[in-house]
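Heads up: the structure comes next, in C-alpha cells.
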Amino acid sequence: MWPIMTVNITGGTSNSLPTSGGVTTIEARIDPLAKTKPTKRHVVLLIDTSGSMAGDKIDNAKNGAGSALGKLDKEDYVSVLGFDTEVQTVLPIDSWSNIDQKGANKELTNIDSGGGTDIYKGLENARDQLIEHAPNDSEAVKRIILLSDGQDRFDPETYRDLAEEYNECGISIMAAGIGGGYDEEVMLALANGSGGVPADLSQEDIDAFLDETVSDTDQVIVPNPELKIHPAHGFILDDKTVFFDAPKIEQREIDHDQSPPSVGLPELQVGDPHRLTFKILGQPKAGGLSYEIATLRVEDGSGSRVAETTVDVDYTDQAGLERVDIEENRAIAEVTVGIQDPETSETEVREKIKEIEDQGWIDTADELKQKLNTAEEAGGIIRVGKNRLDTED
C-alpha cells in the first residue's frame, strides 16, 4: 500500500536516441510536498569555547543556543557541548521533556571561553551523543550544529572523510565559521561531506543562525533518503556520480554495489525541491517507439518507498537534443563542483568551460568564468550570498 503522498518525483531525458543506441542524460526532480506527521529531531549544538571566542561571540552563542532550545518540541532530543582543546558537556543528550529547562538555560550562562581549538574532538563527542546515547531512530533528523572561529590541527581532507562517515550514520553537520580567522575549506568539507550546509557568519549573525537552523529542522519530512536507480532491460547506468543543481550544487557517488544502484540524497525538506542528473546508455532498438529507460524510487532511512516514477526515452532516426536546459544545468554543476574541489586543476575547469562555449551557451560560459575568477581571488572558495559558502541555484 502506498503511503500518504508527501513527496513527488518526476523524470525526463535530455535527448532522444538513434536506433544504433547511445547516451542520454536523465534529470530527476524530487519535490517534498507537505508534512503529515511531526518531525523527530536529534540535535547537538557544538560551540567553540576557545579563547578567541571571548566577548560578544561567546555571549551571542549562548543567547542563540537558549533561543534555539525554545524551538524544540517535548519529544525532540538535544545536547549542548562546548569545546576548546577539551570537550565540556553542558547538556547531555535527552528528550526536551526530561530536561529541566530553567536549569538548562542556567548551564548555558555558565559557558566560558579559554584555551585552544580542537574541532575533531568536539565532533567525536557530538557523534557519540547522537549514536551512543540517543534512541536509534531511522526517522529522526540527526544534526550537529557547529560554531567555530578557529583553525584546527587537521587538514580539510581528514574532515571530509570524517564527514562522510557521519553521513553514512545519517548525521548532517551545519558548519558555521565566524569572522575571518577560521578555515573555510574545513567548514566546506564538514558540511558538504555530511550533506549539511556551511555558513559564513559575523558575530552579529550567531544568535539568528542558531535559532533559524534549529527551526528549519522541523520542516524535514524525510531525513535519510536514498534514490534507487533501476535501469530497464537494454539500458545501463553510465555514470559513477550524480550532479545536483538544486537545492545546492554538489556531486554524490552512486553505489553500484547495491542492487539496484543507489545514491544518498540530502534531507527532503518542505519547499526545497531537489534536481539531479545522471547518464544512461541505451542499446540499439527499433525506431519510432518510446521505451521505458529506468524506474526511480525514493526510499526513507528504513527502506520504505516514499515516491516512485518511470522515465521513457524515444528512439528515432532523427535523434537529437530536445532539453537543452538539462545538459546546460548539468554542465554548470560539473564546473561548479570542479571549482570547489581542490583536486581539480584550473586547466580542467577551463577546458569544461570551453566545451560549454562550443555548445553555444555563451552567457553561461561567461558566468562560470566569472565564478572561477572569484574563487581564485578568494583562495579557491566560492562565496555565494552574504552569509553562505555553498553554491546554490
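The values are calculated or read from the model by the stated rules, or taken from the named source; none is laboratory data. Bear in mind the structure is a predicted one, so any value in this text is a computation, not a measurement. Reconstructed Cβ throughout: ideal geometry from the backbone, glycine too, with neighbour counts over all protein chains shown.
Here is a yes/no grid of residues against (1) touching a helix residue (DSSP H, G or I) at 6+ places or on another chain (Cβ under 7 Å); (2) among the hydrophobic types (A, V, I, L, M, F, W, C); (3) under 30 Å from Pro231 (Cβ atoms):
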position	(1), (2), (3)
Ser14	yes, no, yes
Asn60	yes, no, no
Gly64	yes, no, no
Ala68	yes, yes, no
Val78	yes, yes, no
Val87	yes, yes, no
Asp100	no, no, no
**Item:** Residue satisfying all of: in the stretch 209-237; in a helix (DSSP H, G or I) and either under 30 Å from Leu17 (Cα atoms) or of a type in the set (A, V, I, L, M) (or both); nearest to the chain's Cα centre (by Cα) among these
**Value:** Val214
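Matching residues to (1) assigned to a loop (DSSP other than H, G, I, E, B); (2) farther than 30 Å from Ala140 by Cβ:
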{"residue": "Gly287", "(1), (2)": "yes, yes"}
{"residue": "Ala294", "(1), (2)": "no, yes"}
{"residue": "Val311", "(1), (2)": "no, yes"}
{"residue": "Ala319", "(1), (2)": "yes, yes"}
{"residue": "Val337", "(1), (2)": "no, no"}
{"residue": "Lys354", "(1), (2)": "no, yes"}
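Listed here are the residues, each with its yes/no results for (1) over 30 Å from Lys57 (Cα atoms); (2) out of contact with any Pro (no Cβ under 8 Å at 6 or more places or on another chain).
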| position | (1), (2) |
| --- | --- |
| Val186 | no, no |
| Glu204 | no, yes |
| Phe209 | no, yes |
| Pro223 | yes, yes |
| Glu226 | yes, yes |
| Gly234 | yes, yes |
| Leu237 | yes, no |
**Fill in**
When Arg29 is run through (1) over 30 Å from Pro231 (Cβ atoms); (2) surrounded by fewer than 21 Cβ atoms within 10 Å (Cβ to Cβ); (3) at pLDDT 95 or above, the failure sits at (1)
**Request:** Collect the residues in the stretch 224-253 that are within 24 Å of Ala140 (Cα to Cα) and in contact with a Ser or Thr (Cβ under 7 Å, 6 or more places away or on another chain), keeping them in residue-number order.
**Result:** Asn224, Glu226, Leu227, Lys228, Lys248, Arg252, Glu253
**Message:** Quick check on the stretch 153-182: of everything there that is buried (at least 21 other Cβ atoms within 10 Å of the Cβ) and closer than 13 Å to Asp118 by Cα, which residue is modelled with the lowest pLDDT?
**Reply:** Tyr182
**Request:** Could you tell me whether Asp239 is of a type outside the set (A, V, I, L, M, F, W, C) and touching a residue at least 40 places away in the same chain (Cβ under 8 Å)?
**Result:** yes
